[in-house]
Structure formats: C-alpha cells, structure tokens
1. Considering only helices (runs of 4 or more DSSP H) fully contained in segment 187-274, which possess at least 1 residues that are within 12 Å of the chain's Cα centre (by Cα)?
2. Step by step: first the residues of segment 250-272, then only those that are under 21 Å from GLY315 (Cβ atoms) and of a type in the set (A, V, I, L, M, F, W, C), then the one that is most open to solvent (accessible area, probe 1.4 Å). Which residue is that?
3. Can you confirm whether ARG301 is within 13 Å of ligand 1 (Cβ to nearest atom), over 26 Å from ARG98 (Cα atoms), surrounded by fewer than 20 Cβ atoms within 10 Å (Cβ to Cβ) and at pLDDT 95 or above?
4. Only one residue in VAL128, VAL204 is within 16 Å of ligand 1 (Cβ to nearest atom) and more than 19 Å from ARG232 (Cβ to Cβ), so which one is that?
5. With (1) open to solvent by less than 60 Å² (accessible area, probe 1.4 Å); (2) away from ligand 1 (no atom under 16 Å from the Cβ) as the list, and ASN341 as the residue in question, which single condition is left unmet?
6. For THR265, state whether it is within 16 Å of ligand 1 (Cβ to nearest atom), at pLDDT 95 or above, among the polar types (S, T, N, Q) and farther than 23 Å from ARG150 by Cα.
7. When the residues of segment 112-125 are filtered to those that are part of a loop (DSSP other than H, G, I, E, B) and open to solvent by less than 60 Å² (accessible area, probe 1.4 Å), which remaining residue is nearest to ligand 1 (Cβ to nearest atom)?
8. Taking segment 224-241 as the region of interest, how many residues are loosely packed, with under 15 Cβ neighbours inside 10 Å and of a type outside the set (Asp, Glu)?
Amino acid sequence: MSNKDLETLREKLDDINLDLLHLINQRAGVVQEIGRVKEKQGVNRYDPVREREMLDLIEANNEGPLEPASLKHIFKEIFKVGLDLQEEDQKKALLVSRKRKAEDTVIDIKGELIGNGIPSFVFGPCSVESYEQVAAVAAAVKAKGLKLLRGGAYKPRTSPYDFQGLGLEGLKILKQVADEYDLAVISEIVNPNDIEMACEYIDVIQIGARNMQNFELLKAAGAVNKPVLLKRGLAATIDEFIHAAEYIMSRGNGNIILCERGIRTYERATRNTLDISAVPILKQETHLPVMVDVTHSTGRRDLLLPAAKAALAIGADGVMAEVHPDPSVALSDSAQQMDFNQFDTFYNEINKLNWVSL
Ligand code: PEP
Ligand code: MN
C-alpha cells in the first residue's frame, strides 16, 4: 500500500469521525428534547424497557465486523452521556436553583428582611415551656432591637419519655408573646395536618432536621403562604437538602430559608459536625437565604460564638441560637442554651465584627 493510499484512508476516517461526532451530538439533542417532554409529563427519565428495545434493534441490524458485545458497550456509553445531559438540564430546571433565578431571594418576615446582605438573628428557647419563660426571652430579644423569636411547641425528641412540647398551647403562647412584643415567631411543625392551623399562630414554619425528608410535610408547607425555615437533615447530603427545598417551592411557596444545623459524622467532640462549607455551596447553587444554627450543630456553649463568626464570615444570611432564662432547668437542650448574660456577651461580640469588610 502506498503512502498515498494510507493518506486517503486516514482522510476517510477523519470524515467518518466527524460524521459520528455530528450524529452523536444530534442524538444528544433529541435526548434532551425527550427529557423536556418527560419532565412536562412527570415521567421518569430512565426507561430500562426502552433501553433494552434500542439495544435489541442495534444488535439485530449489526452487519459487522464489530462484535455484539463491543457494540453494546459503545452504545451503552452513548445512552449514558445522553441521560447525564438530561440530568444536568433537570438540575438547571430546579425552581430553587441559582441557574433558574440569579438574584438572591429576600424574605420579609414582619419587616425583617432575610437575605438582603445584613445578617439576621433568631434567638429563643429550645422549647416553649410557659408564657413567663417565653416572655422573658422575648423581652431580652426586643431589648437588642431584634425581631425574630424561636421556640419549639412540638418537639421531635429522640426518646418518647422526654418532654414532647406543649403543642397547640405552646403555639398560643408564642402568638400572645409575638403580639405583645411585636416580634415574629418561628416554630417547628411536625404534622402535615397542623400546617394550616399553625399559620394562624406563627410567622415562620420550621421544618426540623428529622423531618427534612418528610415529603408530605414539605408538600403541606409548600401549599401555604408562610415563610418556611427548612433545616438540613442529620445525614442529608446538600443535594438532598436542595431537593427538599424544591418540594416546598414546587407547591408554590418560594419563601424558604435554608438552615445548616450540622450533620452526623464520627466526630464526638461536638453534638454534630457543622458543615460550614455547605453555606457557600448552598448560596451558589440556590437563590435562597442560608442560616446557621450554632446551637444544634455544636451542642456546646463555648463554641456558639466562634461558630457564629465563622458562619457570618463565610456568607450566611443569619444565625440561630437558643436562649433560655435559666438553662440549667430547661426541659430540653439544657447543656447548650445561653442564659441572658451569655446572650448579651454573644450578641455584643457579634456586633463588634465589621460585616462590610468580611
Ligand atoms: C430545633 O431547632 O428546635 C431543633 C429540634 O433542631 P433540629 O431539627 O435542627 O435538630
Ligand atoms: Mn434545642
């Protein structure tokens, strides 16, 4: 064979490569279109029956010289890149995604703006225990010129023998205190059937870590016109966290605050491991405001301040921490709630930081 012949064959090969390139991309375009149709219909992207049919058709038409096994290998790869593309498209399509909406979502809670570049703070007891207890914390919060008060009425506890919360009675206390002190209250709801009722008493529905993938609860919270503070699950990936928020938003409620509250790792020095890098990742991936709960992530009073500083330095829109008039007799989380003196010190230290330069 002359050099000339080899040259011709190589040119032929280049042409075939370019044809294949064109065809593979054309195929990918069609796969993308199918993805969009399937999304509209709400059908699953991956269809094993269809994949089997395509492979059978290819094998039946194979005239060689390629072996069926080699062909199958090549085509399965081609199928896979098509599916990957669909997945990328679906991610871009998430309602909570920054790709879908570039601007930050700012949430207005009775005039307090969350996500507007100025840090917001949520303080309050772990559990609502009595009117007097909540009112005492409300007065301390109000004295600092703050607006947001937390307190659990329904407490998802590890042990059924631990204090389970005052329930509706607790919500009523929160409402009374919110009205008297002109504050906005945040409280966890655990039952989808309670969401509508809770809207009459509280300003923000909290969905707790243990319920981050309680999809019926997420759907119920998505169906009301009330901001939601969604906590990251104890062992949830960031992707699962984002999809939990998507459940709420897909039902029509886009007023969602994401809250990093630590995840379970092998580390025992803290109650959970505060995944501080989740904050900028969530800010990049979504347009939603992100808060950090320093109480449940660290579980240690001595770490509340450094963790809060880290949270704000890395771009969190706010910090949540627990405050109780007398933590040593608190009915839950007595080891990590701040008393009023500690609260003063904590808040003074936070205010010494210059957020503009961070
Ligand atoms: C809470 O904030 O009261 C609480 C129980 O937190 P988490 O769901 O993050 O454990
Ligand atoms: Mn607590």
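1. Values: elements: 195-198, 215-222, 238-250.
By residue number, 215-222, 238-250.
2. This residue is ILE263.
3. no
4. Details: VAL204 fails: more than 19 Å from ARG232 (Cβ to Cβ).
Of VAL128, VAL204, the one residue that is within 16 Å of ligand 1 (Cβ to nearest atom) and more than 19 Å from ARG232 (Cβ to Cβ) is VAL128.
5. (1)
6. Working: within 16 Å of ligand 1 (Cβ to nearest atom): yes; at pLDDT 95 or above: yes; among the polar types (S, T, N, Q): yes; farther than 23 Å from ARG150 by Cα: yes.
Criteria met by THR265.
7. Just the residues of segment 112-125 that are part of a loop (DSSP other than H, G, I, E, B), to begin with: 115-119, 125.
From the residues that got through so far, the ones that are open to solvent by less than 60 Å² (accessible area, probe 1.4 Å) too are 115, 119, 125.
Details: GLY115: 19, PRO119: 18, PRO125: 9 Å.
By that ranking, first place goes to PRO125.
8. Here is the first cut: in segment 224-241, the ones loosely packed, with under 15 Cβ neighbours inside 10 Å are 225, 235, 237, 239-240.
Right, trim to of a type outside the set (Asp, Glu) and you get 225, 235, 237.
Residues that pass the stated criteria total 3.
The values are calculated or read from the model by the stated rules, or taken from the named source; none is laboratory data. Everything quoted here is computed from the prediction, not taken from an experiment. Methodologically, a virtual Cβ is constructed for each residue, glycine included, from the backbone with ideal geometry; neighbour enumeration extends over all protein chains shown. The protein model used for the area step is the full one, side chains on, heavy atoms only, and it has no ligands, DNA or RNA in it. Shrake-Rupley method; radii C 1.70, N 1.55, O 1.52, S 1.80 Å.
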